[in-house]
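Reading through the structure tokens given below for one structure.
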Amino acid sequence: MKKLSSNEVRNLWLNFFKEKGHMVEEGASLIPANDPTLLWINAGVAALKKYFDGTEQPKSHRIVNVQKSLRTNDIENVGYTSRHHTFFEMLGNFSIGDYFRKEAVTWGYELLTSPKWFDFDVNDLYFTVHPTDQETKKLWISLGVDPTHIVESEENFWEIGEGPCGPNTEIYFDRGPGYDKRGPELIRDDIDNNRYIELWNIVFSQYNAKLGMKRSDYPELPHKNIDTGAGLERIVCILQDGETNFDTDLFLPIIHATEKMCGKSYDKKENKRAFRVIADHIRTCTFAIADGAQFSNEGRGYVLRRVLRRAVRYGKQLGLTEPFLYKLVSVVVKNMQDFYPYLTGKIDYVAKLVKIEEEKFEKTLASGEQMLLAVLQDTKGKEISGKDAFKLYDTYGFPYELTEEMAKEKGFSVNRAEFDVEMEAQKERARNAMSKAQSMNRQSKDLLDFVEKSEFSYDPTPIKAKVIAIFKDGVRVKELKDSGALVFDKTTFYAESGGQVADQGIIKNTSDEFNVVDVQHAPSKQNLHFVDPQGETIHVGDEFELVVDMEKRRRTTRNHSSVHLLDEALREILGNHVAQAGSYVDSERFRFDFTHFEKMTPEQILQVEELVNKKIDEALVADIRNMPIAEAKKSGAIALFSEKYGDIVRVVNFGNWSIEFCGGCHVNNTRDIGSFVILSEESISSGVRRIEGTTSINAYHAMKQREAILDSVGKSLGALSYNEIKDRLATYTERNNELQSQLANLKKQMVNQVAKDLLATKKNVKGIETIVAKVEKYDKDMLQYLIDDLKSSLNEYFIFICNVDVDRVSLAAASSKQAVANGLLAGNVIKEAAKIVGGGGGGRPDFAQAGGKDVTKADATLDFVKTKLV
């Protein structure tokens, strides 16, 4: 068995399968491209779904890759076990309708046992097979595997939802009785252990799973596939003789850097879990952010936030009370940059976002402690319910262990069993979502088998073309009488891709004319023209003139080219961290999504808009050509990180200023765009902004609409010209501000007098000065003024104000530190008082607000609060 570095393992894997005729496919971004069913790329095959379900034909039917993956459904196990990770790498080899069982098993044996490759001793390897898959069992034995090292298991069948499925065989490495004295029964009975380590899973994808059908009745796939996955971290652990996956060159540099920060040793048993969690989680954050993710309260941003907060909490166990994770980003990058060179340009950006999030969590922890105090006050008895503990954990990011620790200090316990039930329910929801997400579509045999050539020309000039194939619901037919898809030997109709909508238009001959309503790609990239003959008949071999709607094409082309200029302008104005996160282009307008961590200022929007129009005015000539991908990257062309490209790519270059990989339709010169206008800029998720805009005649219409609004405003202000509007508006604004200031002063004066009157009514209850009062028709500001005024005149206090309006009651309460310590928590009092007036609300122990609709119960609310002060 060889001793190899992690990078040597990656390259050895790739080189072995290259020798077997596989194409190396670069690993995809952690953020799935064009797959809304997946939150993250969570397995080696996830980025290849389009090949396995027949949506798209791969360039090569033999593929090998190293795929970054991210899973958090078992995050609580990270740090507790030897092999659980949130970020990990899968080594995979895949056959899409090419080789099958014999080659996959034979090559697997060769790669693992040959002295040229990994050089494992076959006597240290164990194998599992499905009981019905005797062919695989015989293959292993014929290669030299001891039959006693083969375990049959009903679990060896890979199936997730509808679509490709089949039996699988797993390969385990036996680390010896020093790790567990029990034998192969650990594998047979699926008992978690540290002796038999699963290295590799080979799936024989040969059936098409269908809902409601017995597995034994599943039909065979038209094209059988091989899907394998080997865990890099596990293989490296074995080859480097690490006690766990963490004791390898993938994690130790991060662990050692953390040791220097905290001054504690990883070798001490009580510290290992914290060091491992930190090392795992900062890898996850670094790669996820570098691939375009952002922290947020939903979706993948929420997952990322949860990962970081867990790492911060474990950092506190090591005495790291200040932000520290951001300092580890450069360590992760240095350790991984040989295989992932793109990380080097992301260090500052990732570190900045991590530090901001660490600082936010410090504030969250402070408020979480106050929420915990409120829970303690509200708890009957001395046990906090698991539901409350889980709410603190899930909603406020307050770790269970911290809840347990603080509760213990106050003499409380926490119902861990109930908490675990809530946690398991959340995991089950995650597993169900993952199961649904990983399901693949059923293959369409006719579309998969369709490989006849069809030429596409970007020149939209009408041409004559022949129908070479017809498809109805994925089935190839000879004629069409209602809606279906046609393939021509050549076409000028653009198929929807890259964010650009499909062309529309007509096909016609001497006897018929039909509308083309959509164009989509077939698996082998031929253009499928969707038409509805409405009772007429179209036959294979019929000839038509293809006429693209030129007006729509021209406008779509202008919008698409303007998006390229916008992309470059955003990088120039906002910074190089800007990356495209999605786009949509049609004939009316465009939308462009991009990564940026804050709202654009009006000045920045104007700068971007002006820069794009400047480049239009400069009449930059479009240089559009196909070139080898290496040459394209060398030219500085921008590629979408989440997209996959072939060896030859199409590059669109406007004056050496905007250079991008793109297969869409573009103007010949930027002056053809005419004019460009930004219609809106907004957030669509944390860290992702969206600009909508338009060009040409639509831009003119947009500007005229704005002009009409300006005319209306000028008329309302009494301005005689556009130039006068600004002065008039400034005068009105200044006067309005003066009046608002006067009004605020009057309110404060009135409230100040009321406060003096209320101070005269205060009562001292056990050293706490209390005020419980009712006011009428106060607005929000006045109520806040009153609370603040009273607080400034008191030392230790409890204040409760009930504000009655026509049809609404507003409640506010404030408690000093001593009042909170005495059990007068503003949030709890408000929560109960609000129920009396038919409302709800709450807040922190020191301040809370609520509202209700039953004004007749205002006095009853005051009476209730007074009983709390006895």
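Anything in segment 307-353 that is open to solvent by 70 Å² or more (accessible area, probe 1.4 Å), in a loop (DSSP other than H, G, I, E, B) and in contact (Cβ under 8 Å) with a residue 12 or more places away in the chain? List them, or say none.
Asp338
Out of the residues in segment 97-128 that are small (Gly, Ala, Ser) and not in a helix (DSSP H, G or I), state the one that is surrounded by the most Cβ atoms within 10 Å (Cβ to Cβ).
Applying the first criterion (small (Gly, Ala, Ser)) to segment 97-128 yields 97, 104, 108, 114.
Still in the running and not in a helix (DSSP H, G or I): 97, 114.
Values: Gly97: 20, Ser114: 12.
If we take residues in segment 97-128 being small (Gly, Ala, Ser) and not in a helix (DSSP H, G or I), then Gly97 is surrounded by the most Cβ atoms within 10 Å (Cβ to Cβ).
Among the residues that make up segment 644-659, is at least one of them touching a Cys at 6+ places or on another chain (Cβ under 7 Å), without any contact (Cβ under 8 Å) to a residue 60 or more places away in the chain and within 30 Å of Leu48 (Cβ to Cβ)?
yes
Regarding Asp146, is this residue more than 17 Å from Phe204 (Cβ to Cβ), touching a residue at least 40 places away in the same chain (Cβ under 8 Å) and of a type in the set (Asp, Glu)?
No.
Return the only residue of Pro131, Pro164 being assigned to a strand (DSSP E or B) and over 16 Å from Glu198 (Cβ atoms). Break it down into steps so the answer makes sense when it comes.
Values: Pro131 fails: assigned to a strand (DSSP E or B).
Step by step, each of Pro131, Pro164 is checked, and only Pro164 is assigned to a strand (DSSP E or B) and over 16 Å from Glu198 (Cβ atoms).
Filter segment 181-210 for residues that are open to solvent by 10 Å² or more (accessible area, probe 1.4 Å), in contact with a strand residue (DSSP E or B) (Cβ under 8 Å, 6 or more places away or on another chain) and either among the small types (Gly, Ala, Ser) or outside any strand (DSSP E or B) (or both) and give the result.
Pro184, Ile187, Arg188, Arg195
Is it the case that Arg591 is surrounded by 14 or more Cβ atoms within 10 Å (Cβ to Cβ) and in contact (Cβ under 8 Å) with a residue 12 or more places away in the chain?
yes
One residue is enough: does segment 554-569 have a residue meeting the conditions among the β-branched types (Val, Ile, Thr), farther than 23 Å from Ala639 by Cα and at pLDDT 95 or above? Please lay out each step first, then the result.
Here is the first cut: in segment 554-569, the residues among the β-branched types (Val, Ile, Thr) are 556-557, 563.
The next check asks that each one be farther than 23 Å from Ala639 by Cα; those that pass are none.
So far as segment 554-569 goes, no, none of its residues is among the β-branched types (Val, Ile, Thr), farther than 23 Å from Ala639 by Cα and at pLDDT 95 or above.
Just to check your reading of the model, which residue among Glu734, Glu707, Glu738, Glu769 is open to solvent by less than 60 Å² (accessible area, probe 1.4 Å) and charged (D, E, K, R)?
Glu769
Could you give me the residue pairs with C-beta distances under 7 Å whose first residue belongs to segment 440-455 and is within 25 Å of Leu211 (Cα to Cα), whose second residue is open to solvent by 90 Å² or more (accessible area, probe 1.4 Å) and modelled with pLDDT of 85 or more wherever it lies, and which are 6+ apart or on separate chains?
Taking only residues 6 or more apart or on different chains, the pairs are Asp446/Arg476.
May I ask you to list the residues in segment 556-578 that are surrounded by fewer than 21 Cβ atoms within 10 Å (Cβ to Cβ) and either hydroxyl-bearing (Ser, Thr, Tyr) or part of a loop (DSSP other than H, G, I, E, B) (or both)?
Within segment 556-578, Gly575, Asn576, His577, Val578 meet the criteria.
Restricting to segment 505-535, what's the tally of residues that are more than 31 Å from the chain's Cα centre (by Cα), within 14 Å of Leu486 (Cα to Cα) and not in a strand (DSSP E or B)?
Residues that pass the stated criteria total 4.
In segment 840-870, which residue that is closer than 16 Å to Asn803 by Cβ and among the hydroxyl-bearing types (Ser, Thr, Tyr) is surrounded by the most Cβ atoms within 10 Å (Cβ to Cβ)?
Selected residue: Thr861.
Okay, residues lined up against (1) among the small types (Gly, Ala, Ser); (2) within 30 Å of Tyr302 (Cβ to Cβ); (3) assigned to a strand (DSSP E or B):
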site	(1), (2), (3)
His223	no, no, yes
Ile226	no, no, yes
Glu233	no, yes, no
Leu250	no, yes, no
Ile255	no, yes, no
Ser265	yes, no, no
Ala274	yes, yes, no
Ile278	no, yes, no
Arg283	no, yes, no
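Restricting the first residue to segment 737-766 and requiring it to be touching a residue at least 12 places away in the same chain (Cβ under 8 Å), which pairs with a second residue that is open to solvent by 90 Å² or more (accessible area, probe 1.4 Å) and outside any helix (DSSP H, G or I) meet a Cβ separation below 9 Å and a spacing of at least six or different chains?
As it stands, the answer is Val765/Val870, since those pairs meet every condition given.
Can you report the number of residues in segment 47-81 which are surrounded by 20 or more Cβ atoms within 10 Å (Cβ to Cβ), among the small types (Gly, Ala, Ser) and over 20 Å from Tyr302 (Cα atoms)?
3
Report, by residue number, each residue of segment 167-179 that is open to solvent by 30 Å² or more (accessible area, probe 1.4 Å) and not in a strand (DSSP E or B).
Arg175, Pro177, Gly178, Tyr179
If I ask for residues that are of a type in the set (A, V, I, L, M, F, W, C), in contact with a strand residue (DSSP E or B) (Cβ under 9 Å, 6 or more places away or on another chain) and closer than 19 Å to Val585 by Cα, which ones from segment 665-719 would you list?
At the first step, the residues of segment 665-719 found to be of a type in the set (A, V, I, L, M, F, W, C) are 665, 667, 673, 676-679, 684, 688, 691, 697, 699, 702-703, 708-710, 713, 717, 719.
Of the ones still in play, those that are also in contact with a strand residue (DSSP E or B) (Cβ under 9 Å, 6 or more places away or on another chain) are 665, 667, 673, 676-679, 684, 688, 691, 699, 702-703.
Those that are of a type in the set (A, V, I, L, M, F, W, C), in contact with a strand residue (DSSP E or B) (Cβ under 9 Å, 6 or more places away or on another chain) and closer than 19 Å to Val585 by Cα: Cys665, Val667, Ile673, Phe676, Val677, Ile678, Leu679, Ile684, Val688, Ile691, Ala699, Ala702.
Given the residues Val451, Val487, which is the only one that is in contact with a Leu (Cβ under 7 Å, 6 or more places away or on another chain), of a type outside the set (Gly, Ala, Ser) and at pLDDT 85 or above? So that I can check it myself, show each step before the final result.
Values: Val451 fails: in contact with a Leu (Cβ under 7 Å, 6 or more places away or on another chain).
It is Val487.
Among the candidates Arg553, Arg625, single out the residue that is more than 29 Å from Gly301 (Cα to Cα), over 27 Å from the mean Cα position of the chain (by Cα), touching a residue at least 12 places away in the same chain (Cβ under 8 Å) and assigned to a helix (DSSP H, G or I).
Selected residue: Arg553, the only one of Arg553, Arg625 that is more than 29 Å from Gly301 (Cα to Cα), over 27 Å from the mean Cα position of the chain (by Cα), touching a residue at least 12 places away in the same chain (Cβ under 8 Å) and assigned to a helix (DSSP H, G or I).
The values are calculated or read from the model by the stated rules, or taken from the named source; none is laboratory data. Everything numeric here is computed off the predicted structure, so don't read it as measured data. Ideal geometry is used to build each Cβ from the backbone, glycine not excepted, and the neighbour counts take in all protein chains shown. The accessibility values were calculated without ligands, DNA or RNA, using every heavy atom of the protein model including side chains. Shrake-Rupley method; radii C 1.70, N 1.55, O 1.52, S 1.80 Å.
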